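Undergrad: Following this message is one structure expressed as C-alpha cells.
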Amino acid sequence: MKHIILAACLVLPLSASAQQESEIDDGFSLMEEGAKLLFRGIIAEMEPAIDNFS
C-alpha cells in the first residue's frame, strides 16, 4: 500500500508539470500564428503602395 501511495505522489506532480508546459507551448504557438497573420496582413496592405514605387 505504501508503494502505491509513494508512486502516486511521484507521478502526479510530473503530470501536472507536463500539462502546464503543454499549455505554455500552446500559448506561444497561438502568439506565433497571430504574428504571422498580422505581418501577412501588413504586407498585403502595403503591396499596392510598393508596386507604385517601381
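Undergrad: Taking 0.36 nm per residue of separation and subtracting the Cα-Cα distance, what length does fully extending S29 through E47 add?
TA: 3.8 nm
Undergrad: Here's another thing I want to ask about it. Could you sort 33-41, 45-53 so that the peptide with the highest average Cβ count within 10 Å comes first and the rest follow in order?
TA: Numbers: 33-41: 10.0, 45-53: 8.2.
In descending order of packing, they fall as 33-41, 45-53.
No lab work stands behind these numbers, since they all come straight from the coordinates. It should be emphasised that the depicted structure is a prediction, and the values quoted were computed from it without experimental measurement. Virtual Cβ from ideal backbone geometry, glycine too; neighbours counted across all protein chains shown.
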